[in-house]
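The values are calculated or read from the model by the stated rules, or taken from the named source; none is laboratory data. Predicted model only: the values in this text are computed from it and were never measured. Methodologically, a virtual Cβ is constructed for each residue, glycine included, from the backbone with ideal geometry; neighbour enumeration extends over all protein chains shown.
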Amino acid sequence: MIARALPRGLPTLMVATDLGFIVYWLITAAHLLPAAWLYNDSTNPMMIDWNWSFLAIDLMVSLTGFLTLTTARRDPMAARSLALVSLTLTSASGLMAISFWTLRHDFDPAWWGPNSFLLLYPLPYLFALIRTQRPESAARRSARASEDAEAKPT
């Protein structure tokens with residue numbers, strides 16, 4: 001069951017994000033966005049290259065996100081590891097865009113909103129996955145084994 005492998009709400013957000021990236025890049029490749037909706041200086045070849053430089057990380061987000069969801073039922077631990085990768089890439093993608101717009105002193109809510117979402121939504125899930133995925137230390141395993149041995153009647 002996906003719910004046991006992944007924190008509540010994460011699968012829905014991952015599907016929305018992963019599909020959103022794929023749709024964005026298809027629309028971008030087909031030049032379907034009106035010029036008024038594009039980022040500032042969108043006709044500058046350097047800015048076009050900057051935008052396309054996100055293609056690889058965004059597609060990796062989608063790939064690892066979909067792998068997370070398809071693996072969750074068969075191998076919950078692998079799904080959690082894939083989710084860590086996907087969420088980290090998602091947050092990094094948002095951070096890169098926000099950092100760039102900050103350096104340019106360019107604030108457009110239409111671009112800051114989605115990229116802030118990408119930066120921030122993964123964080124609580126990352127912390128939850130890390131907190132529950134920590135391997136038990138050898139010292140703790142040894143102490144627990146000793147307690148179990150002492151508790152058994154002889």
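Of all residues being assigned to a helix (DSSP H, G or I) and of a type in the set (Val, Ile, Thr) in the range 42-62, which is farthest from Arg104 (Cα to Cα)? Just the residue, please.
Val61
Can you pull out every residue in the range 46-84 that is acidic (Asp, Glu) and within 12 Å of the chain's Cα centre (by Cα)?
Asp58
Which is in a loop (DSSP other than H, G, I, E, B) and surrounded by 12 or more Cβ atoms within 10 Å (Cβ to Cβ), of Asp106, Asp18?
Values: Asp18 fails: in a loop (DSSP other than H, G, I, E, B).
Going through Asp106, Asp18 in turn, just one is in a loop (DSSP other than H, G, I, E, B) and surrounded by 12 or more Cβ atoms within 10 Å (Cβ to Cβ): Asp106.
How many residues does the range 114-142 contain that are modelled with pLDDT under 65 and part of a helix (DSSP H, G or I)?
Qualifying residue count, the range 114-142: 5.
Can you tell me which residue among Tyr24, Tyr39 is in a loop (DSSP other than H, G, I, E, B), of a type in the set (Phe, Trp, Tyr) and in contact with a helix residue (DSSP H, G or I) (Cβ under 8 Å, 6 or more places away or on another chain)? Please lay out each step first, then the result.
Values: Tyr24 fails: in a loop (DSSP other than H, G, I, E, B).
Testing whether each residue is in a loop (DSSP other than H, G, I, E, B), of a type in the set (Phe, Trp, Tyr) and in contact with a helix residue (DSSP H, G or I) (Cβ under 8 Å, 6 or more places away or on another chain) leaves just Tyr39.
So for the range 36-57 (the condition being under 21 Å from Pro124 (Cβ atoms), surrounded by 17 or more Cβ atoms within 10 Å (Cβ to Cβ) and of a type in the set (A, V, I, L, M, F, W, C)), does at least one residue qualify?
no
Has the range 27-35 got at least one residue that is assigned to a helix (DSSP H, G or I) and either within 22 Å of Met14 (Cα to Cα) or touching a helix residue (DSSP H, G or I) at 6+ places or on another chain (Cβ under 6 Å) (or both)?
Quick first cut of the range 27-35, residues assigned to a helix (DSSP H, G or I) only: 27-29, 35.
Then drop every residue that is not either within 22 Å of Met14 (Cα to Cα) or touching a helix residue (DSSP H, G or I) at 6+ places or on another chain (Cβ under 6 Å) (or both), which leaves 27-28.
Looking through the range 27-35, at least one residue is assigned to a helix (DSSP H, G or I) and either within 22 Å of Met14 (Cα to Cα) or touching a helix residue (DSSP H, G or I) at 6+ places or on another chain (Cβ under 6 Å) (or both).
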